[in-house]
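What follows is calculated from the coordinates using simple rules that are stated; it is not laboratory data. Just so it is clear, the structure is predicted and the values come from calculations on it, not from any experiment. No Cβ is skipped: glycine too gets one built from the backbone with ideal geometry, and neighbour counts run over all protein chains shown.
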Amino acid sequence: MKKYTFELTTSVTLAVLLAFVLSLALPAVTHAQAGPGDQSVKGAVIKGKAPVSKNVLKVKLPRAQETTLPNGLRIILLENHKVPTFAMQMVFLSGGLSDKEDYRGLASFTASLLREGTTTRSSKDIAEQVDAIGATLSANSGLATMTSVVNTSGLVENIDQTLGLFADVIRNPAFPKEEVEKYRARTLAQLQLARSNPGFLAQEQFSRAIYGNHPGGLIIAPVASIKKLSTKDLAEFHDTYYRPNNAILAIVGDVTLKDVLPKLQKAFGDWKKADVPATKIAEAPAQSASRIFLIHRPGSVQTVLQLGTLGIQRTSPDYFNLLLANRILGGGPSARLFMNLREDKGYTYGAYSGFGGSKFRGTWVSSSQVRTEVTEGAMNEFMYELKRLRDEKVPAAELEDAKRSIVGNFALSLEQPQTLLQNIITQKLYDLPDDYWDTYPQRVSAVTAEEIQAVAKKYIDLDHLQIVAVGDASKARDVLAKFGKVEVFDTEGKPLASADGKP
């Protein structure tokens, strides 16, 4: 059994749509966090803290074992014998990016309905059998992802039963008409609920502003697509893309390749391969000039703010520089946005930034929910912090703290076998170097203040900054107009003309 070792040496993720929607929502804000008599921790000095090593974490991660079945199914296995459990993930190399333009959501619907009935088991049968052996079984795909994923996990003593269920939903889904109709009805109902969530509305408009008609602009499937997707459509997508030569089966747990390979051959060996259409991934569109979008929610006591620009692909050479820049700007409760808008000004419960990217360019976005009456102050502080990161080099102590935070979190994540396996999958999907995760801490530690300032100037493009606000237009419009021309919309995305939010 291989083990990873640590050596210190030189300077230092709709199973249902509702759950997805809630994950998009920003932290709720109902009260100021620091009033006239409250103390701020901004600038506080922590004394008596434990010494921090300035050495860089060095790690040698366990190497997965790999093999390929005759039908083209690639298998990756990472042994971990700490507990008698296992987890499997079947990753199909086709997701929402493989949807036809007039059938957006097809990959997502297909994945979500895999376990709602097969040619030999009903939805109820699957649920009861999974529950009886204490296993998990789920599947998902996004609207702009390049993969569809089926997951299962359980006790090693139940691996045969679990694998039987896993293989059945992957290979033999029936997509029963009644289950498709129930899922459609739930999705449409949950969409209506989502429209009452300001965080959802902000993310929807921001994605549209950045991506336009590109698949990246969708966070929900269009209603027209949801209404017309049928059992036949799902079956055709499954038959086309759910093929062994279009998949990677990743396994982690208390198993060995010698023991599990015969089981996998039995479950998947006679699965027929086929020609799979290549997915064409469109580039993100060129950015439009800076715009301000205001979504009118009459009577809202808060304004949800998102400000951002187009970012990078996952394989960009700017990745590590942007990782540090984002951590300093808004990557946690000790970052600049949080310390400024919450701790110093008391405008919000939290203010953050985040970035992402896949085979097409992602975004770099800053966000918060603030009280309506402090919308102008919050906008001023957002703009101040964005400009400061562009115009000033990050102080050495702040940079070192950010590096230690990222490397420390990375080290802790290595205690989770499934995280290790997910890292391997990421390396395969993006064709990253074999030693990518081994050298991750060193690459973080090598980033300089000059490189952070360079990526800030490159990606905080103020001439193309997209700003979205969700709140009461009668109170927020004039405030936002101080930062540029404001376009007002209702919660369905229809333009409104007057300052009080009327058409």
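Structure data summary
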item	result
Label-to-label distance, nm, for residues given as THR439 and THR426 (7 Å Cα→Cβ offset)	1.7
Region 396-445 - convex hull of the alpha-carbon atoms, volume per residue in Å³	69
At 1.002 mPa s and 20 °C, Stokes D of region 232-307 from Kirkwood alpha-carbon radius, µm² per second	115
Added length on full extension, which subtracts the Cα-Cα distance from 0.36 nm per residue, LYS393 to ALA286	35.7 nm
FRET efficiency for ALA278 and ALA224, using Cβ-Cβ distance with R0 set to 35 Å, rounded to 0.05	0.85
Gain upon complete extension [GLU181, ASP478; 0.36 nm per residue less C-alpha separation]	102.4 nm
Positive-pole candidate from ILE312, MET383, ALA335, dipole of region 283-496, charges at beta carbon	MET383
Volume per residue that the Cα convex hull of the chain spans, once the total is divided by residue count, Å³	163
Cubic angstrom per residue, convex hull over Cα atoms of region 283-496	141
Estimated FRET transfer efficiency (TYR384, LYS60; beta-carbon r; R0 60 Å; 0.05)	0.90
Hz values of 3J(HN,Hα) by residue in region 364-377 - Karplus curve (6.51, -1.76, 1.60), Gly and Pro given as x	10, 10, 10, 7, 5, 10, 10, 4, 3, 5, 10, 4, 5, x
Distance in nm between pseudo-label sites at ASN213 and ARG314 (7 Å out along the Cβ direction from Cα)	2.8
Using a Förster distance of 51 Å, the FRET efficiency for ALA497-LYS258 (Cβ separation, nearest 0.05)	0.15
Gained length - ASP102 relative to GLU373, 0.36 nm times residue gap less alpha-carbon distance	93.3 nm
Label-to-label distance, nm, for residues given as ASP239 and LYS457 (7 Å Cα→Cβ offset)	5.7
Karplus 3J(HN,Hα) series, Hz, for region 207-216 with 6.51 cos²θ - 1.76 cosθ + 1.60 (x for Gly, Pro)	4, 5, 5, 6, 9, x, 8, 5, x, x
Phi-based couplings in Hz for region 112-128 (Karplus 6.51, -1.76, 1.60; Gly and Pro marked x)	5, 9, 4, 8, 9, x, 10, 5, 10, 9, 7, 4, 5, 4, 4, 4, 5
Region 65-268 pair-distance distribution - Cα-Cα, 5 Å bins, rounded %	1, 7, 15, 17, 18, 15, 11, 8, 5, 2, 0
Along each principal axis, Cα extent of region 201-340, largest first, Å	59, 42, 32
Label zone at HIS464, where the point sits 7 Å out along the Cα-to-Cβ direction: region 289-322 residues whose backbone N lies under 18 Å	289-293, 307-319, 322
